[in-house]
Amino acid sequence: MNLLSDRIVNMSTSATLAMAAKARELRAEGKDIIGLSLGEPDFNTPDYIKDAAIQAIHDNYSSYTPVDGYVELKDAIINKFKRDNSLKYTHSQIVVSTGAKQSLANLAAVLINKGDEVILPCPYWVSYADLVKLNDGVPVEVPTTIATDFKMTPEQLEAAITPNTKMLWYSSPCNPSGSVYSKEELRALADVLQKHPNIIVVSDEIYEHINFSGEHSSMAEFEDMYERTVTVNGVSKAFAMTGWRIGYIGGPEKIARACNKMQGQITSGANSIAQRAVITALIEPPSRVQFMIDEFKIRRDLVLDLLNDIEGFKTNIPEGAFYVFPNVSYYFGKTLKGKTINNASDFSLFLLEEALVATVDGGAFGNPDCIRISYAASQDQIKEALTRIKIAVS
Ligand SMILES: Cc1ncc(COP(=O)(O)O)c(C=O)c1O
């Protein structure tokens, strides 16, 4: 009998975390690695949010919390959905979790039966495919390219649907492509789904506020999609709170109650102090974190500008999140500094070893022609990293 379950043996390691570990190893050897692989803001959590947490400690918020979150936090989430997304939810439709990642893990566990297909427009966030597989579901990858700004077209969605299709999962703004679906584009996808009323949509909106297009739209805004869309969000990205581990969903009551039941057996309620801090984060207007979004936009422009000057990097113009996802297939089959580049994984490793810059292989996001470059780093680090890349490939 094997020690480890097939479940864990067959699971891929998170590529972003694997790259971070490799970069750490090289740093320990004394190499000056610039990390552009991680998906977290390089800002500190704003003081007004930290103060709320400190107050919560003094106020003795030290007991177990309700499994699906403090009622005051649910109030703040309900108001946030109304204020920012014109979405109306009641308390029983909200579940607070230990990060949006747990929200997604709950959803996969409560919605997928063996053989159910989940449509994932590629590139998708690293964990989607493995969460689906972990629950005996089948990820159905729909490849997209720069030509459609890495967005799935209605025709592609239609073609991917089978009698076994259970769900559509996507993020907008998208990690890793930075693409943002407009209201019209979402409506066109919704029109296809109209013909398939049993398909559930999981709309991951964790990068909602890091959006330079001036427009954020939610699938659940459409009256005819509301009853079968789960909106996932959290505070990790826009509020620079990755370590606080709070995410949440708003969705159909039956699904929310199932997530509550699942969480009740696995982790119980999310961290009490973090929940109190998030009440403040969500009550305060998003304009309080606008300075970070402004800085991300400056960096996005900087990265695009510098990449434009390096041969063989083709990009879309990302409208949100903090990543650029260039197609680097120009280099496949070439030999650089004695190393043959066959795919994006080789190229990403080449950049780590020869330019001392950590990026992530796009294969982990379902697109093996690209690499992901995170610009959650200072302008100086970005300039230095792209200068090194340019020298390494020339
Ligand atoms: C698209 C997407 N969804 C969800 C998450 C998970 O966020 P959290 O830190 O809230 O678990 C991430 C984090 O990288 C993400 O990029």
Would you kindly derive the ³J(HN,Hα) couplings of the stretch 67-81 from the backbone phi angles with the Karplus curve 6.51 cos²θ - 1.76 cosθ + 1.60 (θ = phi - 60°), listing them in order in whole Hz, with x for Gly and Pro?
-> 3, 9, x, 4, 5, 5, 6, 4, 4, 5, 5, 4, 5, 4, 4
Given Val324, Gln263, Gln290, which one lies farthest toward the positive end of the charge dipole of the stretch 251-348, if we put +1 on the Cβ of every Lys and Arg and -1 on the Cβ of every Asp and Glu?
-> Gln263
Set of aspartates and glutamates near Lys334 by C-alpha distance (under 12 Å), chain-local residues within fewer than 8 positions excluded | Asp346
Find the centroid of the Cα atoms in the stretch 128-184 and in the stretch 314-343, then give the distance between the two in whole Å.
-> 21 Å
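For the stretch 211-284, what's the relative contact order in percent, using C-alpha pairs closer than 8 Å and at least 6 residues apart?
Values: 60 pairs, mean separation 17.6, N = 74.
Computed value for the stretch 211-284: 24 percent relative contact order.
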In degrees rounded to 10, the 0-90 angle between helix 253-266 Cα long axis and the longest Cα principal axis of the chain is 70 degrees
The chain: relative contact order as a whole-number percent, Cα under 8 Å and 6+ apart | 23 percent
Where a Cα-Cα gap under 12 Å defines reach, which aspartates and glutamates qualify for Lys390, not counting those fewer than 8 residues away within the same chain?
-> Asp309, Glu311, Glu354
Assertion target for Cys259, Cys370, ordered by fewest C-beta neighbours within 10 angstrom first, is Cys259, Cys370
Starting from the Cα of Lys314, draw a straight line to each of the aspartates and glutamates and keep only those under 16 Å, dropping any in the same chain fewer than 8 residues away.
-> Asp149, Asp301, Asp305, Asp361, Asp369
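Under 8 Å for C-alpha pairs, at least 6 residues apart: give me the relative contact order for the stretch 347-394, rounded to a whole percent. Display every interim value, and only then the final one.
Details: 44 pairs, mean separation 17.1, N = 48.
Result for the stretch 347-394 is 36 percent.
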Given DSSP loops and a limit of at most 10 other Cβ atoms within 10 Å, what is the longest stretch of the chain that contains no such trypsin sites (Lys or Arg not before Pro)?
-> 196-336
Taking Cα atoms only, helix 47-58 is inclined relative to the longest principal axis of the chain by an angle, in degrees rounded to 10, of 50 degrees
Other residues with Cβ under 12 Å from the Cβ of Pro66 give, with Lys and Arg +1 and Asp and Glu -1, a net charge of -1
Greater than 25 Å apart at Cα, pairs in Lys151/Lys237; Lys22/Lys114; Lys114/Lys183; Lys31/Lys339; Lys183/Lys254; Lys80/Lys133 | Lys22/Lys114; Lys114/Lys183; Lys183/Lys254; Lys80/Lys133
In the stretch 225-294, which chymotrypsin sites (Phe, Trp or Tyr not before Pro) fall in coil by DSSP and have 15 or fewer other Cβ atoms within 10 Å?
-> none
Between the Cα axis of helix 272-283 and the main Cα principal axis of the chain, the angle (0 to 90°, nearest 10) is 90 degrees
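Take every DSSP beta bridge with both residues inside the chain and express the antiparallel ones as a percent of the total, to the nearest 5.
Details: 17 of 37 bridges.
So the antiparallel bridges in the chain amount to around 45 percent.
Scan the stretch 1-95 for chymotrypsin sites (Phe, Trp or Tyr not before Pro) in coil per DSSP, keeping those whose Cβ has at most 10 other Cβ atoms within 10 Å, and list them by number. List each step's numbers first, then the result.
Working: sites: Phe43, Tyr48, Tyr61, Tyr64, Tyr70, Phe81, Tyr89; in loops: Phe43, Tyr61, Tyr64, Tyr70, Tyr89.
Listed in order of number, the matching sites are Tyr64.
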So, in Å, what gap is there between the alpha-carbon centers of the stretch 110-126 and the stretch 209-234?
-> 19 Å
Expected sort for Leu282, Leu107, Leu4, Leu157 with the fewest Cβ neighbours (10 Å cutoff) up front is Leu4, Leu157, Leu282, Leu107
Give, rounded to the nearest 20 debye, the magnitude of the charge dipole that the stretch 73-197 has about its Cα centre when Lys and Arg contribute +1 at Cβ and Asp and Glu contribute -1 at Cβ.
-> 560 debye
Per-q log10 I(q)/I(0), the chain, q = 0.06 Å⁻¹ (Debye; single scatterer per alpha-carbon; no solvent) = -0.23
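Using alpha carbons only, what's the Rg to Rh ratio of the stretch 182-296 with Rh from Kirkwood?
On the way: Rg = 16.0 Å, Rh = 15.9 Å.
Dividing the radius of gyration by the Kirkwood radius yields 1.00.
Where a number appears in this text, it was derived from the coordinates with a stated rule and is not lab data. As the structure is a prediction and not an experimental result, all values here were calculated from the model. Heads up, the Cβs are rebuilt from the backbone with ideal geometry, glycines too, and the neighbour counts pull from every protein chain shown.
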